[in-house]
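Colleague: One structure, as structure tokens, below. Some questions next.
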Amino acid sequence: MKTTRREFLEAAAITALGVAAGCRSDPPKFDPRAFRREERSRVAVIEAAKYETDLVDPILRGLREFDIAPRGRRIVLKPNIVEFDPAGVINTHPRVIEASAEAFLRLDASEVIVAEGPGHRRDNEYLLSASGMADILKERRVRYVDLNFDAVRALPLRSRYTPLKQLYFPRTVLDADLLVSMPKLKTHHWVGVTLSMKNLFGIIPSSIYGWPKNVLHWAGIENSIVDINSTLPVSRFALVDGIIGMEGNGPIQGDAKAAGVLVMGADFAAVDATCARLMRLDPTKIEYLAWAGEFLGNIDENRIDQIGVAPSIVQREFKVLPQFDRLRIV
């Protein structure tokens, strides 16, 4: 379905009105009881020291801890591919994406697709070539979809943290049997951290919402993160590339930070809360995680069953910008 210029301008005008009134941080106008949150969540922290080692085995070990049954299913991997990244610090590393595709195929997935909608670069061919992904996709015969220009379907928002009434989602994502969010473990100069929940910004098509997803920025990044995650009606799984993360002025201009982990789970809020703690940041002080923890998932560590290595063993102090010093675990 194509969106007309008039529809886009109407959406932008609605958003601008919301921004003029201030982003929503008061109690949202929806019923959180409509969402089914599990009493407990499971998150796996798997050690993986280097990209040059065999990553298929640790990914398989992590996946087998969860009841996701890939056999005969279409798996869509949604990495974070943002910019030219010669140091392997900005984007989800190609080796992690390659190993994940191989792991799901070994578990008898019917198809694995890699899909992304970069917010900064319109030239996906350049990004794939510059990141090293193009050769891997060709060698593995894995299909790639540019979500910025995919066919879309509008869905009404299930939560009300933004003034938007609906969001357009790509059909490739909506048709997935399992969507795997594969972010980089990074700090973020506007919202503190960018992990599996924030990574879903990249499924929202820039051909409709602008570069870099302007309408969502106007509506409030934190607000949009929650509305996207509450509305997307697809089975999901998170696999975070924390082998080399980013600290400081993330998500693009920060510094490399070795963490040596892969973090996995089906509850994105619980995964991201665990990742925040690995970075020695308090998830209850990260606004969108605090909101998500009220109805979407579990961020209280007493409600998260940790699998694999204990997070306290692999914690690393990630540098943040001064405005986020308040997020530190004290």
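Colleague: Give the number of residues within the stretch 300-328 that are farther than 17 Å from residue 265 by Cβ, surrounded by 16 or more Cβ atoms within 10 Å (Cβ to Cβ) and touching a helix residue (DSSP H, G or I) at 6+ places or on another chain (Cβ under 6 Å).
Modeller: 1
Colleague: Another question, if that's okay. Only strands (runs of 3 or more DSSP E) wholly contained in the stretch 184-289 count here; list those with 2 or more residues that are in contact with a Pro (Cβ under 8 Å, 6 or more places away or on another chain). It would help to see each step written out before you state the result.
Modeller: Numbers: elements: 184-188, 192-194, 236-247, 255-265.
The strands (runs of 3 or more DSSP E) meeting that bar are 184-188, 236-247.
Colleague: Next question, about the same structure. Considering each of 210, 297, 293 in turn, give the residue that is more than 27 Å from residue 148 (Cα to Cα) and surrounded by fewer than 24 Cβ atoms within 10 Å (Cβ to Cβ).
Modeller: Checking each option against the conditions leaves just 293.
Colleague: Suppose we keep only residues that are of a type outside the set (Gly, Ala, Ser) and out of contact with any helix residue (DSSP H, G or I) (no Cβ under 7 Å at 6 or more places or on another chain) within the stretch 53-66. Which one would you say is surrounded by the fewest Cβ atoms within 10 Å (Cβ to Cβ)? Lay out the reasoning, then the answer.
Modeller: Our first condition is that a residue be of a type outside the set (Gly, Ala, Ser); within the stretch 53-66, this holds for 53-61, 63-66.
Okay, now just the ones that are also out of contact with any helix residue (DSSP H, G or I) (no Cβ under 7 Å at 6 or more places or on another chain), so 53-54, 57-58, 61, 64-66.
Values: 53: 12, 54: 10, 57: 13, 58: 22, 61: 16, 64: 12, 65: 15, 66: 15.
Restricting to residues being of a type outside the set (Gly, Ala, Ser) and out of contact with any helix residue (DSSP H, G or I) (no Cβ under 7 Å at 6 or more places or on another chain), the top hit is 54.
Colleague: Let me ask something else. Only one of 37, 71 is of a type outside the set (A, V, I, L, M, F, W, C) and surrounded by 17 or more Cβ atoms within 10 Å (Cβ to Cβ). Can you tell me which? Talk me through it step by step, then tell me what you get.
Modeller: Numbers: 71 fails: surrounded by 17 or more Cβ atoms within 10 Å (Cβ to Cβ).
Testing whether each residue is of a type outside the set (A, V, I, L, M, F, W, C) and surrounded by 17 or more Cβ atoms within 10 Å (Cβ to Cβ) leaves just 37.
Colleague: From the set of residues in the stretch 153-176 that are under 23 Å from residue 110 (Cα atoms) and in contact (Cβ under 8 Å) with a residue 40 or more places away in the chain, which is surrounded by the fewest Cβ atoms within 10 Å (Cβ to Cβ)?
Modeller: Taking the stretch 153-176 first, the residues under 23 Å from residue 110 (Cα atoms) are 169-176.
Now drop any that are not in contact (Cβ under 8 Å) with a residue 40 or more places away in the chain, which leaves 169-170, 172-176.
On the way: 169: 23, 170: 23, 172: 22, 173: 24, 174: 18, 175: 13, 176: 22.
Restricting to residues being under 23 Å from residue 110 (Cα atoms) and in contact (Cβ under 8 Å) with a residue 40 or more places away in the chain, the top hit is 175.
Colleague: If you don't mind, another one. Please go through (1) crowded, with 22+ Cβ neighbours inside 10 Å; (2) within 19 Å of residue 186 (Cβ to Cβ) for residue 50 and return the number of the only condition it doesn't satisfy.
Modeller: With respect to (1) crowded, with 22+ Cβ neighbours inside 10 Å; (2) within 19 Å of residue 186 (Cβ to Cβ), residue 50 is out only on (1).
Since every read-out is calculated from the coordinates, none of them should be taken as a lab result. Being a predicted model, the structure only gives us computed values, none of them experimental. Don't worry about glycine lacking a Cβ; one is built from the backbone with ideal geometry, like all the others, and counts go over all protein chains shown.
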